[in-house]
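First the structure, in the form of structure tokens, and then the observations on it.
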Amino acid sequence: MSLKFFKPLFDSSPWLLQQLNVEQKVISILLNLNFIPILHLSQTYGPICRLWFGKKVGIIITSPALAREVLKDKDTIFANRDVTAAGREFSYGVNDILWTPYGLKWRMLRKVCVREMLSSSTLDSVYALRRRELRQSINYFYNQAGSPVNVGEQMFLTVLNVITSMLWGGTVKGEERSSLGAEFRHVVTEIAALCSIPNLSDFYPGLAWFDFQGVTKKMKVLAKRFDEIFESIIDQKQKLDRNGVGQENKDFLQVLLKLKDEADAKIPLTMTEIKALLMDMVVGGTGSTANTIEFAIAELLHNPDILRKLQQELDTVVGKDNIVEESHIQELPYLYAVMKEVLRIHPAAPLLVPHCPSEICTVGGYIVPKGSCVFINVWAIHRDASTWKNPTEFLPERFLQKNWDYGGNDLNYFPFGSGRRICAGIAMAERMFMYSLASLIHSFDWILPEGETLDLTEKFGITLKKKMPLVAIPTPRLSNSTLYERALATTGPADAGFWIVVVFTVRNSQFYWDQNQKIKSLSGANASDVSQILQQLSDSFPWLLQQLNVEQKGIFSSYFLGILAVLWLLWCFINNSNKGLPPGPKALPLIGNLHSLDPEIHTYFASLSQTYGPICRLWLGKKLGIIITSPALAREVLKDKDTIFANRYVSAAGREISYGGNDILWNPYGPKWRMLRKVCVRDMLSSSTLDSVYPLRRRELRQSINYFYNKAGSPVNVGEQMFLTMLNVITSMLWGGTVKGEERASLGAEFRHVVTEIVELEMVLGGTGSTSNTIEFAIADIMNKPDILRKLQQEVNTVVGKDNIVEESHIQQLPYLYVVMEEVLRIHPTAPLLIPHCPSETVTVGGYTVPEGSRVFINKNVCRDRHDREDVHVFTGFTHSFFRLEIARRRNIGRYREVQYYFEEENASGGFTYSKIVQSNTV
């Protein structure tokens with residue numbers, strides 16, 4: 001039944017309105033179903049006013065002071081929602097985090113959502129996923145360069161892909177982007193619209209059964225479309241879990257299903273609540289973020305000076321020969337100000353989601369009845385001229401002058417709400433907005449289509465969006481076109497290496513082309529796959545056809561087709577095997593990426609991270625290598641999933657040097673390894689043991705000092721002598737052996753050569769490191785920085801004095817020495833890639849699959865991450881946060897007490913004079 005059925009009755013019989021004592025204006029509003037213009041009522045009635053929606057009273061709050069009274073001072077009273085008929089259908093009967101009444105159930109749902117989906121650690125772990133989806137969007141815009149594109153639809157699809165990938169691993173690619181993006185956005189927009197329009201069922205609950213406007217019916221249809229998707233995906237996940245497949249790749253849905261099975265009986269997590277949470281994430285997280293990005297691009301196009309200033313900041317920090325990474329965001333204060341200004345002038349939820357008091361209370365001296373609908377007019381508060389200068393102008397600079405916080409504490413600016421019901425997805429929204437806007441503005445110049453004018457008119461509802469979609473033309477502005485295609489590095493046609501294999505295999509074979517340049521086989525069988533490959537060959541490498549002696553008329557030999565089919569299947573296998581893996585350079589058949597390895601392996605791995613992101617893959621023949629180059633993903637490997645990654649990848653050399661993998665370094669994680677580690681740490685490397693052998697360390701170091709004293713004025717090899725000092729200390733602790741006198745120089749060089757050879761054999765792809773190397777680096781660095789050397793010597797002279805010698809008891813009084821040691825370990829980590837880890841089962845890291853038995857490198861180049869500081873390659877003598885000796889179960893069991901003591905003793909004994917450096921690193 002439609003409300004239009006009753007409209008003629010009121011039109012033909014106006015006396016009914018008089019008899020019913022109902023204002024004709026109010027009925028007109030309800031009949032025409034326009035969005036009620038409550039945004040400007042405060043200008044007439046003050047900061048708190050009422051509006052009757054049929055039998056429902058609405059309270060509109062339009063001042064920071066009264067907003068604080070509602071959202072902070074009386075938060076528990078106003079923590080419930082006024083649930084609409086549309087909201088009830090959308091939320092599976094009020095079972096989601098948005099509409100559920102405040103209480104134990106709501107707290108459980110919010111805790112699950114925030115802890116498992118939207119925490120900082122979770123968002124850090126899926127940065128690679130956000131990066132992949134955004135790079136695909138950038139590639140899409142690049143392919144549409146010079147043509148008009150719907151910015152909002154594409155950003156909606158990007159956010160949708162990120163969220164669905166986090167939820168259950170789904171993503172939309174290729175030609176589906178435009179059509180499916182428009183379809184999904186239409187559905188989400190319809191849901192938001194149905195939640196926003198005035199509904200008689202809400203204003204007159206007694207009429208809800210009739211559903212005059214069809215809101216409930218329409219929402220049921222839309223919700224069912226999502227429910228069918230959720231049911232299908234849940235069934236697939238449950239089947240996989242029952243079969244023991246995919247249990248290592250825990251996405252959000254799998255976590256929810258596990259929590260459902262393990263839930264507390266008092267507050268169970270039901271299947272209905274799981275689907276309601278999925279609905280909240282998909283619908284609530286996509287439209288609002290995409291709308292805000294669309295508003296941002298529109299405002300920047302409307303204010304070209306601000307756009308130029310933002311692009312200048314991006315060019316300075318990122319450069320035109322690089323792409324934006326999330327690590328750059330902290331260095332972009334003007335971008336941050338732009339985001340805050342967009343959220344000020346176009347808040348995602350202009351009236352927030354209506355609150356509903358659980359009891360009668362007073363606000364601003366007025367009574368607010370229980371069950372009333374309370375709107376917080378954020379849109380008007382953000383445009384209050386008493387707080388904001390030129391409130392209707394887009395001026396990001398206002399946020400550079402004052403640090404406005406949108407965490408809900410300052411009720412002059414709270415685009416995400418405040419109090420208990422503050423938006424749970426602030427961190428996600430912030431990251432997606434900042435990263436997306438920075439990438440779009442950095443990668444392209446944007447103009448409107450010819451003859452078009454920019455319309456910034458807003459369309460109000462429960463969420464705010466542009467009335468007219470933003471259609472703009474992107475123009476690439478980066479220095480290299482390959483920067484736009486990095487997201488597709490793992491896909492595409494075969495590389496030249498594959499074609500070289502084909503050339504040598506089929507050199508003198510005969511085949512012919514038909515009139516359409518398609519391959520024909522002798523038997524007439526379908527050769528479309530072979531055709532496609534050879535067509536790519538002819539298009540990409542025409543010179544190869546001459547080398548192959550191709551004739552226009554000839555016959556394919558079945559022998560050739562068989563070999564080519566095998567090679568093609570091999571190539572397909574290699575490409576299919578990359579599905580789900582991190583991005584990385586293309587691999588050749590059999591040898592993988594071995595041909596591209598650089599001797600400076602840690603710097604090569606660092607360069608890979610600049611191209612493919614903080615987690616990437618490398619095929620070392622048949623062995624898969626995973627390179628981790630971000631603190632967040634390193635934590636996921638070494639802390640969150642430590643037990644899975646606690647094993648080592650044992651090389652052939654390592655197996656020999658460890659007596660068949662029976663030492664503490666290579667032994668698999670388990671009871672035997674724990675026993676070995678316990679013995680080593682308790683009996684050799686505990687603090688009490690090290691304290692007890694301090695006289696031994698002192699004796700050996702004094703012998704080194706004496707050796708350097710006797711060589712005063714002559715060049716000495718610092719590294720070899722410090723190596724021998726360490727050797728003497730360790731062998732004396734082990735069996736009492738020591739090397740003295742004239743043997744020091746020759747035996748030190750010999751022992752160091754043998755140990756270096758062993759290390760090179762064990763870690764062909766890793767690197768070397770020891771205490772003596774670190775001391776050698778330290779001496780070299782401070783000689784290269786005379787100011788740091790003088791400052792360090794001044795500290796030692798103050799604490800020890802020139803009439804005394806350094807003792808270990810002095811170390812605690814030398815803070816500058818400690819930060820110098822930390823800086824040496826940052827810029828020259830002893831093991832730049834750590835010892836490779838090996839997962840005991842297939843697992844997910846950063847949203848990508850890491851197969852069981854792969855070789856996982858943790859690249860300590862993160863210690864030179866520009867996110868932490870700018871002068872990453874410069875030795876400054878100041879400490880930074882980093883993991884110098886690895887963390888978790890496989891962390892280094894030794895300490896660097898020796899580094900501090902030996903290093904400082906040599907500085908205190910007169911210092912070093914830089915004379916010359918020869919090939920043996922002699923100073």
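Quick check on the range 581-593: of everything there that is open to solvent by less than 40 Å² (accessible area, probe 1.4 Å) and part of a loop (DSSP other than H, G, I, E, B), which residue is farthest from residue 630 (Cα to Cα)? If we take residues in the range 581-593 being open to solvent by less than 40 Å² (accessible area, probe 1.4 Å) and part of a loop (DSSP other than H, G, I, E, B), then 589 is farthest from residue 630 (Cα to Cα). Picking from residues in the range 594-631 that are in a loop (DSSP other than H, G, I, E, B) and under 22 Å from residue 831 (Cβ atoms), the one that is most open to solvent (accessible area, probe 1.4 Å) is 599. If a residue has to be over 30 Å from residue 82 (Cβ atoms), open to solvent by 30 Å² or more (accessible area, probe 1.4 Å) and assigned to a loop (DSSP other than H, G, I, E, B) to count, how many in the range 393-419 make the cut? Of the residues in the range 393-419, 5 are over 30 Å from residue 82 (Cβ atoms), open to solvent by 30 Å² or more (accessible area, probe 1.4 Å) and assigned to a loop (DSSP other than H, G, I, E, B).
Could you list, in sequence order, all residues of the range 67-82 that are in contact (Cβ under 8 Å) with a residue 12 or more places away in the chain and either open to solvent by 20 Å² or more (accessible area, probe 1.4 Å) or of a type outside the set (A, V, I, L, M, F, W, C) (or both)?
Passing the criteria: 68, 69, 72, 74, 75, 76, 77, 80, 81, 82.
Would you confirm whether any residue within the range 661-669 is part of a loop (DSSP other than H, G, I, E, B), over 30 Å from residue 580 (Cβ atoms) and touching a Cys at 6+ places or on another chain (Cβ under 7 Å)? Yes: the range 661-669 contains one or more residues that are part of a loop (DSSP other than H, G, I, E, B), over 30 Å from residue 580 (Cβ atoms) and touching a Cys at 6+ places or on another chain (Cβ under 7 Å).
Close Cβ contacts (under 6 Å, 6 or more residues apart or on different chains) running from residues in the range 388-404 that are of a type outside the set (Ser, Thr, Tyr) to residues that are open to solvent by 30 Å² or more (accessible area, probe 1.4 Å) comprise 391/383; 391/385; 394/303. Going residue by residue through the range 151-162, is there one that turns out to be within 16 Å of the chain's Cα centre (by Cα), open to solvent by 20 Å² or more (accessible area, probe 1.4 Å) and modelled with pLDDT under 90? No, the range 151-162 contains no residue that is within 16 Å of the chain's Cα centre (by Cα), open to solvent by 20 Å² or more (accessible area, probe 1.4 Å) and modelled with pLDDT under 90. Only one entry in 757, 743 is modelled with pLDDT under 80, loosely packed, with under 13 Cβ neighbours inside 10 Å, farther than 25 Å from residue 658 by Cβ and among the acidic types (Asp, Glu), namely 743.
Can you find, within the range 797-842, the residue that is least open to solvent (accessible area, probe 1.4 Å) among those that are closer than 30 Å to residue 630 by Cα and of a type in the set (Gly, Ala, Ser)?
831
For residue 411, state whether it is in contact with a helix residue (DSSP H, G or I) (Cβ under 7 Å, 6 or more places away or on another chain) and without any contact (Cβ under 8 Å) to a residue 60 or more places away in the chain. The answer is no for residue 411.
Looking for something part of a helix (DSSP H, G or I), open to solvent by less than 30 Å² (accessible area, probe 1.4 Å) and of a type in the set (Asp, Glu) - is there at least one such residue anywhere in the range 641-658? No, every residue in the range 641-658 fails to be part of a helix (DSSP H, G or I), open to solvent by less than 30 Å² (accessible area, probe 1.4 Å) and of a type in the set (Asp, Glu).
Being open to solvent by 10 Å² or more (accessible area, probe 1.4 Å), assigned to a helix (DSSP H, G or I) and either on the phi > 0 side of the Ramachandran plot or in contact (Cβ under 8 Å) with a residue 24 or more places away in the chain (or both) is the requirement here; does residue 133 meet it?
No, not satisfied.
The residue pairs whose first member lies in the range 194-211 and is open to solvent by less than 60 Å² (accessible area, probe 1.4 Å) and modelled with pLDDT of 85 or more, whose second member is assigned to a loop (DSSP other than H, G, I, E, B) and aromatic (Phe, Trp, Tyr), and whose beta carbons are closer than 6 Å, counting only pairs six or more residues apart or on different chains, are 200/212.
Yes or no: the range 341-349 includes at least one residue that is surrounded by 21 or more Cβ atoms within 10 Å (Cβ to Cβ) and assigned to a strand (DSSP E or B). Within the range 341-349, none of the residues are surrounded by 21 or more Cβ atoms within 10 Å (Cβ to Cβ) and assigned to a strand (DSSP E or B). If you go through the range 277-296 and keep only what is closer than 14 Å to residue 459 by Cα, within 21 Å of the chain's Cα centre (by Cα) and not β-branched (Val, Ile, Thr), you end up with 287, 288. State whether the residues of the range 38-50 include one that is crowded, with 18+ Cβ neighbours inside 10 Å, within 27 Å of residue 360 (Cα to Cα), modelled with pLDDT of 90 or more and aliphatic (A, V, I, L, M). Looking for residues that are crowded, with 18+ Cβ neighbours inside 10 Å, within 27 Å of residue 360 (Cα to Cα), modelled with pLDDT of 90 or more and aliphatic (A, V, I, L, M), one finds at least one in the range 38-50, hence yes.
Among the residues of the range 328-339, are any among the β-branched types (Val, Ile, Thr) and farther than 30 Å from residue 99 by Cα? Yes, the range 328-339 contains a residue that is among the β-branched types (Val, Ile, Thr) and farther than 30 Å from residue 99 by Cα. The C-beta contact set for the range 266-282 (first residue over 21 Å from residue 191 (Cβ atoms), second residue open to solvent by 50 Å² or more (accessible area, probe 1.4 Å) and at pLDDT 90 or above, distance under 7 angstrom, 6+ apart or interchain) comprises 267/104; 267/105. Filtering the range 836-862 to residues that are in contact with a helix residue (DSSP H, G or I) (Cβ under 9 Å, 6 or more places away or on another chain) and either under 30 Å from residue 774 (Cβ atoms) or free of Cβ contacts under 8 Å to residues at least 12 places away in the same chain (or both) leaves 837, 839, 845, 856, 857, 858, 859, 860, 861, 862.
The values are calculated or read from the model by the stated rules, or taken from the named source; none is laboratory data. For clarity, every value in this text was computed on a predicted model and none was experimentally measured. In this analysis, Cβ positions are derived from the backbone assuming ideal geometry, glycine residues included, and neighbour counts consider all displayed protein chains. What goes into the accessible areas is simple: the full protein's heavy atoms, side chains included, and nothing from ligands, DNA or RNA. Shrake-Rupley method; radii C 1.70, N 1.55, O 1.52, S 1.80 Å.
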